[in-house]
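So the structure is just underneath, and the comments pick up after that.
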Amino acid sequence: MDPLETEARAEVGALAVPGATLHYEVRGTGPLLLLLCGGNSDAAVFDRLAALLATDHRVVTVDPRGNSRSRLDGPPVDQRIEVHADDAYRLLERVSPGGGPVRVFGSCSGGLTALELARRHPERIAALVVHEPPAFGLLPDAAERLAFIDGVYETFRREGVGAAMAAFSALFGGRAAPELPEAHDNTAFFLAHMLRPSTHFLPDVAALAPLADRIAVAGGRDSRTQAVHRPVEVLAGRLGVRLLEFPGGHVGYAKWPGEFAGLLRGVLAGLPYG
């Protein structure tokens with residue numbers, strides 16, 4: 001089956017959750033695989049990856065609440081990873097009602113959401129891959145890193161999106177954020193309401209430890225020297241799992257979807273319950 005054909009036939013749905021309506025898409029057939037994006041991204045960032053994985057998975061992607069087509073019911077508010085995790089659970093109940101464990105991939109703040117989903121609903125997790133979640137609170141210099149994030153936020157408030165994103169690029173070795181597929185530009189919402197709450201969120205590693213055999217922790221080949229990569233190194237060590245290397249950098253799934261899909265498929269299948 002041509003992956004582009006699969007992409008074109010994505011089934012689109014809307015799910016009302018407390019405070020928002022989620023836009024989600026479903027492709028393919030097979031074991032259910034939920035892909036959770038982060039930052040200012042939406043489901044479109046996974047279009048190529050989802051199309052490739054949909055040849056042997058039922059792939060679900062979603063715009064996080066407040067981003068693009070997942071509209072908030074009221075005015076914009078600061079986002080909480082706990083609420084995003086509840087959204088993910090409600091989405092699983094919609095697409096697989098009363099179903100068993102599923103496969104999950106989460107990147108950036110989507111990785112934090114995936115970890116919190118696993119902590120709250122371990123019975124729903126067959127295999128989980130987290131890719132560079134920005135859990136700066138795990139670092140030995142957490143106070144300094146979080147102060148940097150707060151500074152980016154203040155720059156946004158004083159000088160706007162452009163200046164804030166220029167400052168934010170220090171996490172990526174000073175490189176500008178790459179152009180990514182997206183339904184809408186969510187950068188202002190991200191800087192105002194997602195950046196600080198997500199990076200200040202601290203995963204409960206002790207509570208996740210019993211699930212460590214179901215969790216794979218991954219980072220980008222090209223982001224190994226970047227500050228955004230550091231938390232995943234600590235997370236892997238705390239969980240006692242090997243840190244896996246995926247193609248590309250922080251958003252390698254968008255630039256190298258073929259290689260990324262092949263590796264992700266193998267990692268998910270190789271986990272004990274995958």
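The values are calculated or read from the model by the stated rules, or taken from the named source; none is laboratory data. What you see is a predicted model, and the numbers here were worked out from it, not measured in a lab. Here Cβ is always computed from backbone atoms with ideal geometry, including for glycine, and neighbour counts include all displayed protein chains. When the accessible area is computed, the model is the full protein with side chains, heavy atoms only, and any ligands, DNA or RNA have been set aside. Shrake-Rupley method; radii C 1.70, N 1.55, O 1.52, S 1.80 Å.
Listing for the model above:
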read-out: Portion, in percent, of the accessible area of the chain that falls on carbon or sulfur, probe 1.4 Å; value: 53
read-out: Kirkwood hydrodynamic radius of the stretch 188-274, from inverse mean 1/r over distinct Cα pairs, in Å; value: 14.4
read-out: Shape category assigned to the stretch 114-244 from the gyration tensor of Cα positions, a/c cut at 1.5; value: prolate
read-out: Amide H contacts under 5 Å for LEU34, placed H, 5+ residues apart; value: VAL60, ARG103, VAL104, PHE105
read-out: Values of log10 I(q)/I(0), in the order q = 0.11, 0.16, 0.18 Å⁻¹, for the stretch 51-180 under a Debye, Cα-only, solvent-free model; value: -0.51, -1.01, -1.19
read-out: Whole-angstrom gap from the stretch 55-83 to the stretch 187-206, using each part's C-alpha centre; value: 14
read-out: Percentage relative contact order, the chain, counting C-alpha pairs under 8 Å, at least six apart; value: 20
read-out: Reported label for calculated Cα Rg over 2.2 N^0.38 Å given (1) 0.92; (2) 1.04; (3) 1.31; value: (1)
read-out: Rounded if a/c under 1.5, otherwise prolate or oblate - the stretch 96-169, Cα gyration tensor axes; value: prolate
read-out: Full-extension gain in nm, ARG80 to ASP56, via 0.36 nm per residue minus C-alpha separation; value: 5.4 nm
read-out: Kirkwood Rh, Cα atoms: Rg over Rh of the stretch 129-187; value: 1.00
read-out: Å² per residue, accessible surface of the chain at 1.4 Å; value: 40
read-out: Span from the the stretch 117-131 Cα centroid across to the the stretch 224-262 one, whole angstrom; value: 18
read-out: Test item: Cα-centred dipole of the chain, Lys/Arg +1 and Asp/Glu -1 on Cβ, debye; value: 380
read-out: Cα→Cβ-extended label distance, 7 Å offset, between ARG221 and ARG158, nm; value: 4.0
read-out: Residue-count net charge about PRO178 - beta-carbon cut-off 12 Å; Lys, Arg +1, Asp, Glu -1; value: -1
read-out: Cα gyration tensor shape of the stretch 29-101, rounded if a/c is under 1.5, else prolate or oblate by comparing a/b with b/c; value: oblate
read-out: List ASP87, ASP78, ordered by accessible area with a 1.4 Å probe, largest first; value: ASP78, ASP87
read-out: Gaussian network model of the chain, Cα within-10 Å springs - most flexible of ALA20, ALA127, ALA51; value: ALA20
